[in-house]
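Below you'll find the structure, written out as structure tokens, and then a few comments.
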Amino acid sequence: MNQSTTTASTNPSPSPESAPADNGLPAHVAIIMDGNGRWAQARGLPRIEGHRRGVSTVRMVSETCTQWGIGTLTLYCLSSENWKRPQAELDFLMHLLQQYLIEERRTIMDQGLRLRTIGRRDRLPQRVQDEMQKTLDMSADNPGTELVLAIDYGGRDEITRAVQQISSKIAAGELNADALSESMVADHLDTAGMPEVDLLIRTGGDMRISNFLLWQISYAELWVTETCWPEFSRDDFQAAVSDFASRQRRFGGLNVNE
Ligand code: IPE
Ligand code: IPE
Ligand code: MG
């Protein structure tokens with residue numbers, strides 16, 4: 001039995017009228033929410049309008065995951081490389097993040113979402129860190145979908161920090177280098193304890209990973225759409241999840257009937 005089937009069966013059953021008719025929901029969906037700026041510019045609007053509109057898509061996908069019983073949803077909100085952007089855009093993104101953490105608290109609680117973050121926190125403004133901590137604490141015992149926000153996140157940065165931790169433990173004699181296993185490495189990543197990514201969605205059409213979850217997507221199914229994030233709809237999400245259900249996953253092995 002593959003992982004998605006195992007985990008999905010522990011989640012509440014999706015309602016038949018809303019969920020894709022399939023036999024395997026992804027346990028973990030990760031999304032590269034891209035194309036906000038292009039969506040806005042194509043309409044003669046400033047780039048930040050695309051970011052603002054993107055928040056409603058975040059609300060829609062988290063609500064849909066709750067309804068379908070998808071256990072983990074990871075959203076790429078800010079990469080460690082996005083700090084290269086103009087200060088005004090970064091300031092707006094920080095403002096939007098803070099506003100989201102405050103205004104969505106009620107919805108997060110109502111939907112039973114459990115907030116988690118991955119990436120670095122130390123480079124975020126203190127006010128954002130404070131609001132984040134409040135929402136994390138408040139939602140910590142919620143039983144529903146784990147909503148993981150990747151903020152100031154980079155896969156290479158995450159792996160580098162894990163290697164630093166592992167090296168310190170080896171130097172202190174707490175870990176034996178020869179006994180190091182893949183699961184021990186995974187336990188030192190920000191995503192420790194989370195299921196592997198089953199489905200990786202990218203909006204905005206670019207066929208690249210952009211430093212997202214490098215370790216965790218090794219056998220993820222990829223789904224890229226030209227649709228930009230502000231316009232990504234529930235039907236698009238359903239199409240991605242339905243397509244996932246029809247994929248043959250082999251994990252390096254052979255089909256059962258081969
Ligand atoms: C994704 O949209 C959001 C962030 C990276 C913060 P972009 O801002 O990258 O939008 P495009 O790709 O330039 O259209
Ligand atoms: C990836 O999008 C990061 C997020 C969606 C937060 P980018 O817009 O930063 O990626 P590139 O620069 O096109 O690779
Ligand atoms: Mg982009």
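Assorted remarks:
- Student exercise, the chain dipole from Lys, Arg, Asp, Glu Cβ charges, in Debye to nearest 20: 580 debye
- Chymotrypsin sites (Phe, Trp or Tyr not before Pro) restricted to region 53-84 and DSSP loop, no more than 15 other C-beta within 10 Å: none
- Peptide packing for 149-155, 98-104 was compared via the average number of neighbouring C-beta atoms within 10 Å per residue; ordered from the highest value, the list is 149-155, 98-104.
- Cα gyration tensor category, rounded, prolate or oblate, for region 111-258 with a/c compared to 1.5: oblate
- Length-normalised contact order of region 171-258 in % [C-alpha pairs under 8 Å, at least 6 apart]: 25 percent
- Region 43-96 versus region 152-218: alpha-carbon centroid distance in Å: 23 Å
- As a rough guide to protection, the peptides 29-36, 226-233 ranked by mean Cβ packing within 10 Å, highest first, stand as 29-36, 226-233.
- Selection from 195, 107, 79, by position along the positive dipole direction of region 70-205 (Cβ): 79
FYI, it's all coordinate maths here, none of it is from the lab. It should be emphasised that the depicted structure is a prediction, and the values quoted were computed from it without experimental measurement. Neighbour counts run over all protein chains shown; Cβ positions are idealised from the backbone, glycine included.
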